[in-house]
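All remarks here apply to the structure that follows.
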Amino acid sequence: MKKILTRCRKNLVIFLTLLSFSLTVMIGTSGAQTPIKTTEILWDTDDVPHIYAKNNQDLFYAFGWAQMHSHGNLILRLYGQARGKAALYWGEDYLPSDRWVRIMGIPGRSQEWYEAQDPIFRDYLDRFAAGMNAYVEKYSDRIDDTVKQVLPLTGVDVLAHLQRVLNFSFVVHPGRVAALTKVPEAFLEQFYSFAPEEKGQKITYSPFLSDIGSNAWAIAPSRSASGHALLLTNPHLPWSDFFLWYEAHLISPDINAYGATLVGIPVLNMAFNEHLGWSHTVNTYDGWDAYELTLEDGGYQFDDRVKAFTTGQEILTIKQQNNQFRQESLTIKQSVHGPIVFEQEGVAIALRVAGLTESGALEQWWNMAKSQNLSEFETALQQLQIPMFTVMYADRDGHILHLFNGHVPVRSEGDFKFWSGLIPGNTSQTLWTKYHSYQDLPKVLDPPSGWLQNTNDPPWSTTFPIAINADDYPPYLAPQTPMDLRAQHSAKLLTSDEKISLKEMIEYKHSTHMELAQRLLDDLIPLAQSHSNPLVREAAQILADWNYRADGNSRGAVLFAFWAEAMDYSNLFAIPWDKNSPLTTPDGLADAQMAIATLETVVTQVKNKYGSLSVPWGEVFRFEAHGLDLPGNGGSSDLGIFRHFTFIPSENGQYKAVGGESYIAAVEFSQPVRAHVLNSYGNKTQPRTSANQKQLKLTSEKQLRPAWYSRQDVERHLVERCVLY
């Protein structure tokens, strides 16, 4: 290994900044055209690392170093869990996680994935791990002693973490499987570590049980005020654990890409360069199936015979509170479908997960970030290694693209609803073995509308007029369900403006308009105005004066949201959704009597709880982190809000955000490229910094900040320079 020079210094004097700038090779917006003589990390005022590397090996090394600097304790804990040895390191609370990881076969499969990597890219993974190890060796005092036992990290660990996150959390996780069983609590207790306050009571929130989603837009030059394509990246994920985004800028002779990755991942998952960019959303993708097996004679019924399980044993070691250790034997059963995850009263559930033989997701993301045009980008997409996610793309040449990406199983029968339930496992007719090709997947390039959107809705509503016809695809590929209100809100924002500027896109991206209120209040308010209860009449006036937004100072939003939550959503509308009127239905109240009775109950609750029916939204819904407690805005997708946040009950009748809008990038592919970004909760957990507070304040204020992409801008906003080689 090369000797590491590693000089990290704070940039406190403007003179020194200008001097170092004059001695450094210039990297402009056109990319790394001049050889880079020094591998270094330039930390800006928002804790974002801008990594300039002499070659790709150094780039991956430095990226590992940077991630350990920003999230060291978290990464080591996550990697320990991905090994299936977390209980050995940290005790009983991690035993369920170890069971899930071992039964899913993550450790052994990660070694197989590592050996299957292209030798050059395998070296990149090793270098990423080496950078993390070297950081801890250099700054051991900055890492908690409790997590150091995971060291040293390897390229296999990187792939184990990737597999746990992608295949066994995004594609499928214990909470989703539990929903199909008759005793979900028992299932979850086997595979999920409950926090102490969750045991013995209803779980109000957990990253495993929460919805994960995103918004994404691509706008063609024909609909752009500047004549340049626009791209919006807007994922909605929990604000904790491996769902945290890490914002970074990677520059080498082969790449100049700015974006974000899930913490611990060595490449950018969503990014832009001076030529193009892409975003992801969690798509309506079914890449796993739970098979119900009938047990017989120690095996299971399959094609009119009894087939034996493949059985193995693993030993789990669990650290005890007295620093002693105990061991537990774990029996792992496999059917032809996959591992057995639940067994009771003559029935077993086997889990089959797509994409477990495809090991190249990281290299595909790397190739996407290096691409310079649509042709190169599609070549990367056609590798089809990333197991799921919508791809939303835009470029400097004016192209926009939507791809329903994923390892979609080729199934012999049934629609999406059928494959979302328990599948009969007694026949080979339901056992899929192949995936659809890239050519089979729904996609649209440069639609006549000039815009594309996705808010986790099926691909059929990506633009209007409809560009992807559901009838042209197998019925199991994606659901044909009503277009939800967040998706309708998204499409209406795009259709309402013929020429959208970057500034306007950012404004629309922050929309807190409640589409649900627009559909129902014209029926509810007249009922409330004529009610005998004066408190209900007062509510009618508040709702009539309200602008349907969930901004921090919005009055009426809390009252409406509480009423909507108390209503039965499945029987709420008088007019159901109609595919011929996709952006104006559903509409109207189905049961006026129930609606007004519910409002009468809710007004009393709100009055007693907050002292006023017109309590501002931001007094009830809060952004709490990094020692700050700020007014919140935005809210649930169920309300038809584009700016989605997940709030859970907190103290004093308040609710705090625990997920939703996280990393955001609004990009215009002008020359030079322009971008505004934000990482809502900050870019560092080790330790907390004032820069994190700045990000949360911007979130509360519905603001983004400029992305420093050119070398000149990076130097102007430099806080610390760390020279590695």
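The values are calculated or read from the model by the stated rules, or taken from the named source; none is laboratory data. As the structure is a computational prediction, the values presented were derived from the model and not from experiment. Note: ideal-geometry Cβ built from the backbone for every residue, glycine included; neighbour counts use all protein chains shown.
Residues in segment 242-264 that are surrounded by 23 or more Cβ atoms within 10 Å (Cβ to Cβ) and part of a loop (DSSP other than H, G, I, E, B) were compared, and the one that is nearest to the chain's Cα centre (by Cα) is LEU244.
If the condition is being surrounded by fewer than 23 Cβ atoms within 10 Å (Cβ to Cβ) and either in contact with a helix residue (DSSP H, G or I) (Cβ under 6 Å, 6 or more places away or on another chain) or not in a loop (DSSP other than H, G, I, E, B) (or both), then segment 431-458 contributes TYR435, TYR438, GLN439, ASP440, LYS443, VAL444, LEU445, GLY450.
Criterion first (polar (S, T, N, Q), within 25 Å of the chain's Cα centre (by Cα) and under 12 Å from ASP157 (Cα atoms)) does GLN81 satisfy it? It is true that GLN81 is polar (S, T, N, Q), within 25 Å of the chain's Cα centre (by Cα) and under 12 Å from ASP157 (Cα atoms). Can you find even one residue in segment 588-597 that is in contact with a Gly (Cβ under 7 Å, 6 or more places away or on another chain), free of Cβ contacts under 8 Å to residues at least 60 places away in the same chain and outside any loop (DSSP other than H, G, I, E, B)? So far as segment 588-597 goes, no, none of its residues is in contact with a Gly (Cβ under 7 Å, 6 or more places away or on another chain), free of Cβ contacts under 8 Å to residues at least 60 places away in the same chain and outside any loop (DSSP other than H, G, I, E, B). Would you point out which residue out of VAL172, VAL101, VAL156, VAL165 is more than 23 Å from TRP365 (Cα to Cα), out of contact with any Cys (no Cβ under 9 Å at 6 or more places or on another chain) and among the β-branched types (Val, Ile, Thr)? The conditions single out VAL101. Those strands (runs of 3 or more DSSP E) of segment 1-100 in which at least 3 residues are in contact with a helix residue (DSSP H, G or I) (Cβ under 8 Å, 6 or more places away or on another chain) and modelled with pLDDT of 95 or more, considering only elements entirely within it, cover 40-44, 49-52. The residue that is farthest from ILE36 (Cα to Cα), counting only those in segment 697-710 that are in contact with a Phe, Trp or Tyr (Cβ under 8 Å, 6 or more places away or on another chain) and assigned to a helix (DSSP H, G or I), is SER700.
I need the full set of residues from segment 459-473 which are in a loop (DSSP other than H, G, I, E, B) and either buried (at least 18 other Cβ atoms within 10 Å of the Cβ) or touching a helix residue (DSSP H, G or I) at 6+ places or on another chain (Cβ under 7 Å) (or both), in order please.
Residues satisfying the conditions are THR462, THR463, PHE464, ILE466, ALA467, ILE468, TYR473.
For every residue, the table says whether it meets (1) crowded, with 19+ Cβ neighbours inside 10 Å; (2) at pLDDT 95 or above; (3) out of contact with any Pro (no Cβ under 9 Å at 6 or more places or on another chain); (4) outside the structural domain of ILE219 (by TED's automatic domain parsing).
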position	(1), (2), (3), (4)
LEU524	yes, yes, yes, yes
LEU543	yes, yes, yes, yes
ASN553	no, yes, no, yes
GLY588	no, yes, yes, yes
SER612	no, yes, yes, yes
VAL615	yes, yes, yes, yes
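Looking only at helices (runs of 4 or more DSSP H) that fall completely inside segment 350-430, which ones have 1 or more residues that are small (Gly, Ala, Ser) and either surrounded by 15 or more Cβ atoms within 10 Å (Cβ to Cβ) or more than 24 Å from the chain's Cα centre (by Cα) (or both)? Write out each step before concluding.
On the way: elements: 361-370, 374-381, 416-419.
Here the list reads 361-370, 374-381.
Quick check on PRO706: is it surrounded by fewer than 18 Cβ atoms within 10 Å (Cβ to Cβ) and either under 24 Å from ALA66 (Cβ atoms) or touching a His at 6+ places or on another chain (Cβ under 9 Å) (or both)? Spelling it out, PRO706 is indeed surrounded by fewer than 18 Cβ atoms within 10 Å (Cβ to Cβ) and either under 24 Å from ALA66 (Cβ atoms) or touching a His at 6+ places or on another chain (Cβ under 9 Å) (or both).
Considering only residues that are within 30 Å of SER329 (Cβ to Cβ) and hydroxyl-bearing (Ser, Thr, Tyr), which ones fall in segment 85-138?
TYR89, TYR94, SER97, SER110, TYR114
Filter segment 107-163 down to residues that are among the acidic types (Asp, Glu), under 22 Å from TRP90 (Cα atoms) and not in a helix (DSSP H, G or I), then give me how many there are.
Number satisfying all stated conditions: 1.
LEU678 - would you say it is under 27 Å from HIS249 (Cβ atoms), surrounded by fewer than 19 Cβ atoms within 10 Å (Cβ to Cβ), among the hydrophobic types (A, V, I, L, M, F, W, C) and touching a residue at least 12 places away in the same chain (Cβ under 8 Å)?
no
Annotation note: Cβ proximity below 7 Å between a residue of segment 491-508 that is surrounded by fewer than 18 Cβ atoms within 10 Å (Cβ to Cβ) and a residue that is in a helix (DSSP H, G or I) and modelled with pLDDT of 95 or more (sequence gap 6+ or interchain) occurs for ASP497/GLU504; GLU498/ARG223; LYS499/ARG223. The numbered conditions (1) at pLDDT 95 or above; (2) more than 32 Å from the chain's Cα centre (by Cα); (3) not acidic (Asp, Glu) are all true for ASN323 except (1).
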